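The structure appears below as structure tokens.
The values are calculated or read from the model by the stated rules, or taken from the named source; none is laboratory data. These numbers were taken from a predicted model, which means no experiment stands behind them. Heads up, the Cβs are rebuilt from the backbone with ideal geometry, glycines too, and the neighbour counts pull from every protein chain shown. SASA here: full protein model, heavy atoms, side chains in, ligands and nucleic acids out. Shrake-Rupley method; radii C 1.70, N 1.55, O 1.52, S 1.80 Å.
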Amino acid sequence: MSKILIVEDEADIAELIALHLEREGHEASSVSNGLQALPAALQHMPDLIVLDLMLPGLDGVQVFKRLRADTRTAGIPVVILTARSQVVDKIAGLELGADDYLSKPFSPRELVLRISAILRRVKKVTHVSELRRGRFMLDRKNMKLFLDGAPLDLTTIEFKLLTTLMENDTAVHARADLLREVWGYSSDVATRTLDTHIKRLREKLGPAGVHIVTIRGTGFQFQDAPDAAATA
Ligand code: CA
């Protein structure tokens, strides 16, 4: 059973999708306004999101960008659903990085089949506990970092920080997001603390510390090929 979030303002369509998903044994919830999408995703942490493009509040493209920009929701597969049937819109949807795209009118059966295919693919990937990026290899199961094949001793916080940065290489991780992700919602850890841990992590990594890049005024990013000038 998987949890699916449906973001769709047309109630009859949302109900139809939910009905078909529930028949397949999935758990479906829905919101009808684009502004509700990210909070709902954070609350339910769904396995997949069905996202309509034409939405009140915040359109689907903006919703999609917000989902991808937040490290907590960036990895959730998204199937875009829209009344727009133009080829150019389909290409735009896929270029955004959506996992699949369906134009209305669509067959609910086909939507469910495509959702099942994505969920199977994702499950396979998440079973892999090793994350490799260049000289770095994270063994998530045993919480160990290998740099150029040699184990490096990291604290739990440092390991979580590095994992968070490495898991989503394209995103710049805002300080506030990193604090929430690594330390949890309830803690009131100061930004200074985050900077201290980043500094220590870089020191432990030695010359490889340059891969953790400071994005001025925003946060941090893991880069495979960092520009030396940007890390100062
Ligand atoms: Ca709509």
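Worth a mention:
- Residue match in segment 80-91 (condition: open to solvent by less than 80 Å² (accessible area, probe 1.4 Å) and either at pLDDT 85 or above or assigned by TED's automatic domain parsing to the domain that holds residue 177 (or both)): yes
- Index of the failed condition, residue 25 passing every other in (1) loosely packed, with under 14 Cβ neighbours inside 10 Å; (2) in contact with a strand residue (DSSP E or B) (Cβ under 9 Å, 6 or more places away or on another chain); (3) not charged (D, E, K, R): (2)
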